[in-house]
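The values are calculated or read from the model by the stated rules, or taken from the named source; none is laboratory data. Predicted, not measured: the structure shown is a model, and the values here were computed from it. Glycine gets a Cβ as well: all are built from the backbone with ideal geometry, and neighbour counts include every protein chain shown.
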Amino acid sequence: MTAGDEVADSTSASGGICHPDFLPSESPYQMCLVSTEGTIFYVPSYCLLGSGFFRTMLSLPQAPEPHFDSTLPKRSAEPIHTNEPQLVLAVVLKMMCAQPFPPWTNLDDVESILFLAERWDIPFILSTIRTAITSSALLTADPLRLFYITTHFGWDDEARIASEHTLDLSLFDSQHAEKLARLTAKDLLALLDLHRSRRLKFKELLNSQDAFNVGNSPAGSCVKCGATLDNHTWRDLKAAMVDDLDRNPRGDTLFGGMGCGGLLDESAVAMACWRAQCSYCKQENYDKRATIQSIRACVQGLRSTV
């Protein structure tokens, strides 16, 4: 958020630099807010009535001045110094004053604006951002942080969407520790359960005789000659797939794509499985294409949200 947020050269009566979009006017119904950098914002008092914090402040008794409209809050006598940086304060005030504001481009700005709106009790800003927070750019940028934000505000639908995108991450990587620590115990356990349950369910499905009869049947036999099969290559592949899903919970690395081969195409354990033959008639033990289709169906059937 940089466009339109530069500071003007004009100086207020109090000696500070005014923001170009919030200059003083002749109206007595203004309040003077100051950012942490010292930038001054002159804001029409009625625009601040959308904030519960400022409604309370402006409802306090004021000295009567008959020549002003007593139904409106007049200009504050002293500047109000906030603990907010200029960029964040500018966007929040633009939203409150129905001015154009920059699009959301990163979660740093979005989170700062949301928590300021929470502190100042501005529900319409929370609602506005909620409608846009699951845009693809923000989701792919940092799904864990987005999950924290959405759970903090109790946005269940958006939290489920964010949780689905955390499947692109391995939660036990050390780089995620700080973000996971911000979650409440309830939300952290829900997210960990999502990832863990996918691995356990996938393992259960891979061991199903209904889906993989040849490899999992205790009396697995060659479809051509009926000889008993040695299924150790299939067992090795199952273990490798479960381990891969544990590290890559979405499961897309099993199949590859976009010019990259997946575990089921290029790994040594997979190649050994597809090459396994009946020791008597040399018939291939497993139909590679049909088996991969069944594995894909297993992954697609896994729970994907908290």
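A few notes on this one:
Yes or no, residue by residue, for (1) surrounded by fewer than 17 Cβ atoms within 10 Å (Cβ to Cβ); (2) touching a Ser or Thr at 6+ places or on another chain (Cβ under 6 Å); (3) under 24 Å from E84 (Cα atoms):
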position: F124; (1), (2), (3): yes, no, yes
position: S127; (1), (2), (3): yes, no, yes
position: I133; (1), (2), (3): no, no, yes
position: A137; (1), (2), (3): yes, no, no
position: A141; (1), (2), (3): yes, no, no
position: Y148; (1), (2), (3): no, no, yes
position: T151; (1), (2), (3): no, no, yes
position: E158; (1), (2), (3): no, yes, no
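- Qualifying residue in the stretch 266-287 (condition: of a type in the set (G, A, S), touching a helix residue (DSSP H, G or I) at 6+ places or on another chain (Cβ under 7 Å), buried (at least 19 other Cβ atoms within 10 Å of the Cβ) and under 30 Å from L189 (Cα atoms)): no
- Complete set of residues in the stretch 210-235 that are within 41 Å of the chain's Cα centre (by Cα) and buried (at least 17 other Cβ atoms within 10 Å of the Cβ): F212, G215, N216, T233, W234
- Residue in the stretch 99-114 that is touching a Leu at 6+ places or on another chain (Cβ under 6 Å) and at pLDDT 95 or above present: no
- Enumeration of residues in the stretch 20-57 that are polar (S, T, N, Q), in contact with a strand residue (DSSP E or B) (Cβ under 8 Å, 6 or more places away or on another chain) and part of a helix (DSSP H, G or I): S45
- Flag if D246 is in contact with a His (Cβ under 9 Å, 6 or more places away or on another chain), of a type outside the set (S, T, N, Q) and modelled with pLDDT of 95 or more: yes
- Cβ-Cβ distances below 8 Å connect the following pairs, each with a first residue in the stretch 48-62 that is of a type in the set (S, T, N, Q) and surrounded by 12 or more Cβ atoms within 10 Å (Cβ to Cβ), a second residue that is modelled with pLDDT under 95 and part of a loop (DSSP other than H, G, I, E, B), and a separation of six or more residues or different chains: Q62/P73; Q62/K74.
- Elements of type helices (runs of 4 or more DSSP H) contained in the stretch 80-146, each with 1 or more residues being within 23 Å of F22 (Cβ to Cβ) and either of a type in the set (A, V, I, L, M, F, W, C) or touching a strand residue (DSSP E or B) at 6+ places or on another chain (Cβ under 7 Å) (or both): 86-96, 107-119, 123-132
- Of all residues in the stretch 196-215, exactly one satisfies the criterion of being of a type in the set (S, T, Y) and without any contact (Cβ under 8 Å) to a residue 12 or more places away in the chain, namely S208.
- Selected residue (criterion: farthest from S45 (Cα to Cα)) from residues of the stretch 77-130 that are under 21 Å from the mean Cα position of the chain (by Cα) and among the charged types (D, E, K, R): D108
- Test: N207 is of a type in the set (S, T, N, Q), surrounded by 17 or more Cβ atoms within 10 Å (Cβ to Cβ) and more than 19 Å from E111 (Cα to Cα): no
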